[in-house]
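Right, one structure below, let's go through it.
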Amino acid sequence: MNRKIAVIGGGAAGLEASSALTSLGFRVVLVEKEDETGGHIKNWHALFPNRRPGVEVLDALRSKLGSDVELFSGKTVTEIKPVNDRFELSSADGWKTEADAVLLTTGFSLFNARKKEEYGYGIYDNVITSAELESAFSTGKIAMKSGEQPKRIGFVHCVGSRDEKVGNIYCSKVCCVTAVKQAIEIKQYLPDCEVFCFYMDMRMFGRHYEELYKEAQEKYYIQFIRGRLSESTEDHTGKIILKVEDTLLGKPLKIGVDMLVLMVGMEPAEITKNLGTQLGLVSDSDRFLVSTDQHISANISEIPGLFFAGTCTGPKNIADTLADARSAALAIAGYFDNNHNKS
Amino acid sequence: MKHEGKKLVWQEYQKEIADDHFFYARSCIRQTFFPGSEKVFTKILKDELGKDIYDSEHHTSCTGIGYHADAVPFETTMTVVARQFALMTEAGYENYAASCITSFGLYTEILETWHHFPEVEAKAREFLYKATGREFKIPKNLAHASDIIYKFRYEIAKRAKYRLVDKNTGKPLRVVEHIGCHYSKMFPHKGVGGAEYPYVLTGMIEAWGGEVIDYPERRHCCGFGFRQYIVQANRGYSIACSKKKFDSMEPYEPDMIITNCPGCPMFLDRWQYALSEMEGKTYGKNGNGIPVFTYEEVAGLVLGYDPWEIGLQVHQVPAEPLLDKMGIEYDPGSKFKGPNGEDLGRPIAPSYLKFYKE
């Protein structure tokens with residue numbers, strides 16, 4: 001058949017879908033907006049729940065790409081036009097291609113922590129995001145702005161998730177377990193550092209997540225406090241002062257930490273929103289794209305020949321993203337085999 | 001601390017503030033607490049800036065304190081506010097300027113309610129018409145009086161006789177700014193700078209040469225909190241709130257506190273005396289307190305107005321250490337003289353808080 005599929009986005013879903021599609025006999029054009037593939041994984045030092053290096057998974061995904069995948073990096077697709085059962089694609093810099101089907105794997109963006117103004121990100125020196133902590137793990141240097149090692153760190157869960165005030169009522173799924181993973185890693189780097197996690201609920205839904213949570217408490221003595229942060233400020237010594245309500249004790253709590261880590265959630269990527277608008281695709285109140293049926297055709301859009309995979313349809317962990325990508329490849333194969341445009 | 005980060009937040013929260021022709025609604029309590037402040041405001045607008053400001057003797061309380069204390073129902077409050085708007089309309093004005101933070105918050109709340117629920121506005125119009133025969137137009141622009149001084153802060157700086165600078169060292173004065181809760185905590189986009197890092201007073205302080213202190217309990221209530229003080233049994237909460245703020249700001253060695261709410265300067269000023277009597281503790285250097293001012297008083301000082309003309313003698317925490325630091329000329333002997341020069345006597349000095357210059 002050797003039909004050509006355009007895969008938009010070279011993160012985990014795009015890479016996995018591309019290799020799955022080539023193994024099914026399709027030619028693939030993989031278009032990535034950045035200079036290299038890998039999406040968010042390339043910035044992630046270690047993955048939950050087993051703390052394996054992110055690069056290990058990324059290398060495996062990249063190595064599966066065969067010669068039937070034509071990669072275009074540094075190209076942001078701005079228009080996808082359905083024309084006579086095919087699609088014309090173009091990017092901002094004038095690049096164009098055509099394809100028999102399109103798979104959107106445009107992924108997510110991290111929540112902009114500045115929107116939670118009361119947490120002081122971008123204002124107080126030692127308030128950082130989970131993504132920035134992950135970069136610090138890559139360099140092996142966990143330090144405050146002053147260069148000193150922190151003696152007490154707080155993690156705030158659900159930053160930009162389950163929060164009506166910022167317009168995101170959904171759970172981003174991966175932040176709880178990421179906080180547990182990062183808290184353990186802190187204890188491994190800095191055994192004398194006290195670590196506090198402020199959470200709403202611990203949503204340890206995946207395999208081995210609960211064990212990781214238990215390990216964090218029993219082996220690393222990480223303190224989990226149920227309660228949301230109301231505000232953070234900086235005192236004259238540079239310490240971050242947190243005001244939290246401990247909702248199990250029903251008491252307000254004031255605590256000083258040397259560093260505050262905000263567990264930023266997922267939002268639809270800008271390119272997902274832009275292409276969704278341009279194509280007239282339906283998005284939900286959470287702004288992620290909507291497939292024709294959430295259960296039985298989760299990869300199929302309202303536009304014949306246009307498919308979804310990965311986090312453009314909502315928060316997912318890596319394993320679920322990869323499974324979704326393979327599922328999308330099968331859905332595309334099924335589209336050509338059974339429903340449309342047989343050759 | 002990253003100043004640039006705050007600037008980004010401030011850019012998000014800019015509001016439109018009318019340029020001229022204001023209908024001015026005074027506060028119920030400010031003329032008792034800090035009697036010179038509203039006079040300074042009207043003087044600056046009229047005499048310094050040449051603006052048109054209408055000061056009506058017919059307006060009443062907005063009922064804000066009663067409303068927030070659950071003593072006055074919202075329908076009554078809306079009707080009273082509708083009457084204030086009717087007075088503005090009848091006087092031919094469209095820009096409403098509120099002296100009080102709680103009034104400003106209440107007007108904002110009512111206008112937002114009417115915007116989203118036109119039937120509630122219709123009801124308020126009906127109540128007002130039946131009760132008084134009056135009708136009104138919605139203000140084109142609603143501002144708190146501190147918004148207006150903020151808008152003209154550079155014009156005031158151009159006319160300044162003094163700056164918020166230590167005359168001996170040339171260094172900026174270290175200033176605590178305290179924003180009234182009802183300014184922007186309910187509707188962040190209605191306040192200059194938003195709710196978390198309000199800029200309205202910071203902008204004035206920076207324009208007049210001072211430096212703002214960001215201390216941990218910056219956002220905390222001054223201690224008034226309406227029910228905390230009005231319900232007598234709760235007054236322990238009131239003074240505890242103020243103490244929490246003083247303890248938090250003390251390590252920064254502030255030269256002064258500036259506020260934009262009727263209650264805040266009252267409580268931050270008077271509770272310093274009460275705390276000194278209860279605990280023997282003062283928060284300034286050498287037994288002094290931290291002087292507390294309204295933004296109009298500070299604008300007046302910057303413009304060179306006589307401290308006793310603008311009412312600084314009624315402060316519990318003496319302003320003199322700050323006046324001396326800024327190099328302001330004043331006559332210490334006139335502090336306790338009445339408007340016609342008559343001697344009003346001298347108050348008894350507190351036990352610990354330094355009150356008279358040695």
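Please treat every number below as a calculation from the coordinates, not as lab data. Source: prediction; values computed, not measured. Virtual Cβ from ideal backbone geometry, glycine too; neighbours counted across all protein chains shown.
Roughly speaking, what % of Cα-Cα pairs in region B:19-145 are separated by over 22 Å, rounded to a whole number? Each step should come with its number before you reach the end.
Details: 2659 of 8001 pairs.
Across region B:19-145, Cα pairs with separations above 22 Å total 33 percent.
Taking 0.36 nm per residue of separation and subtracting the Cα-Cα distance, full extension of the segment from B:GLU342 to B:PHE117 would add 75.4 nm. The equivalent ellipsoid of region B:248-358 has semi-axes of 22, 17, 13 Å, largest first, where each one is the square root of 5 times an eigenvalue of the Cα gyration tensor.
Per residue of peptide A:117-126, the mean number of Cβ atoms on other chains within 10 Å of the residue Cβ is 5. Seen from every direction in turn and averaged, the convex hull around the alpha carbons of region B:1-54 projects onto 6.0 nm².
Taking Cα atoms only, the orientation of helix A:175-189 departs from the longest principal axis of chain A by about 60 degrees.
With θ taken as phi - 60° and the Karplus curve 6.51 cos²θ - 1.76 cosθ + 1.60 applied, the whole-hertz 3J(HN,Hα) list for region B:77-87 is 4, 4, 5, 5, 5, 4, 5, 4, 5, 5, 4 Hz, x standing for glycine and proline.
If you take the alpha carbon atoms of region B:111-187 and fit the smallest convex hull around them, that volume is 159 Å³ per residue.
Once you reduce region A:149-220 and region B:234-294 to the center of their Cα atoms, the two points are 39 Å from each other. Helix B:118-132 and the longest principal axis of the Cα set of chain B meet at an angle near 90°. Ellipsoid fit via the Cα gyration tensor, region A:11-79: semi-axes of 22, 16, 8 Å, each the root of five times an eigenvalue, largest first.
In the protein assembly as shown, the ratio of gyration radius to Kirkwood radius, Rg to Rh, stands at 1.07 when only Cα atoms are counted. Near A:LEU47, the amide H atoms lying under 5 Å from its own belong to A:ARG52, A:GLY54; only residues 5 or more places off or on other chains count, and H is placed 1.01 Å from N. In terms of its Cα atoms, region A:113-266 spans 38, 34, 30 Å along the principal axes, sorted from long to short. Sorted largest first, the spans of the alpha carbon positions of chain B along the three principal axes are 62, 52, 48 Å. Using alpha carbons only, how many degrees (0 to 90, rounded to 10) separate the axis of helix A:12-23 from the longest principal axis of chain A? Between the helix axis and the principal axis of chain A, the angle is about 30 degrees. Ordering B:290-298, A:27-35 by mean Cβ neighbour count within 10 Å, with the highest value first, yields B:290-298, A:27-35. The mean number of Cβ atoms from other chains found within 10 Å of a Cβ in peptide A:270-280 is 0, as a whole number. Unpaired Cys in chain B, meaning no second Cys C-beta under 4.7 Å: B:CYS28, B:CYS62, B:CYS100, B:CYS181, B:CYS221, B:CYS241.
The Rg/Rh ratio for region A:48-136 is 1.11, where Rg is the radius of gyration of the alpha carbons and Rh is the Kirkwood radius.
For region A:87-96, the Karplus equation 6.51 cos²θ - 1.76 cosθ + 1.60, evaluated at θ = phi - 60°, returns couplings of 10, 10, 10, 9, 10, 4, 8, x, 5, 9 Hz by residue, with Gly and Pro reported as x. Modelled spin labels at A:LEU248 and B:ALA71, positioned 7 Å past Cα toward Cβ, are 4.4 nm from each other.
Near A:THR78, the amide H atoms lying under 5 Å from its own belong to A:SER90, A:SER91, A:ALA92; only residues 5 or more places off or on other chains count, and H is placed 1.01 Å from N. Put in order of Cβ neighbour count within 10 Å, fewest first, the listed residues B:ILE230, B:ILE44, A:ILE300 become B:ILE230, A:ILE300, B:ILE44. Amide H contacts of A:GLU70: A:VAL28, A:VAL29, A:LEU30, each under 5 Å away and 5 or more positions distant or on a separate chain (H built 1.01 Å from N in the peptide plane; Pro and chain starts excluded). The phi-based Karplus calculation (6.51 cos²θ - 1.76 cosθ + 1.60; θ = phi - 60°) puts the 3J(HN,Hα) values of region B:167-177 at 5, 7, 9, x, 7, x, 5, 8, 10, 8, 9 Hz, whole numbers, x for Gly and Pro.
Where does the charge balance sit around A:CYS197 when Lys and Arg score +1, Asp and Glu -1, over other residues with C-beta under 14 Å from its C-beta?
Counting the neighbours of A:CYS197, the net charge comes to +2.
From the Kirkwood radius over Cα pairs of region B:153-334, Stokes-Einstein at 10 °C and 1.306 mPa s returns a whole-number translational diffusion coefficient of 95 µm²/s. Compactness ratio for region B:204-267: Cα radius of gyration over 2.2 N^0.38 Å (N = residue count) comes to 1.22.
One chain, two ends: B:GLU4 and B:HIS58. Fully extended at 0.36 nm per residue, the span grows by 14.9 nm beyond their Cα-Cα distance. Calculate the FRET efficiency for A:ASP125 and B:THR169 from the Cβ-Cβ distance with a Förster distance of 22 Å, rounded to the nearest 0.05. Efficiency, from the Cβ-Cβ distance: 0.25.
Pairs of Cα atoms in chain A fall into 20 Å distance bins, from 0 up to the last occupied one, in shares of 30, 51, 18, 1 percent. With a Förster radius of 35 Å applied to the beta-carbon distance between B:GLU126 and B:ASP19, the computed FRET efficiency rounds to 0.55. Per residue of A:235-248, other chain Cβ atoms within 10 Å of the residue Cβ number 2 on average.
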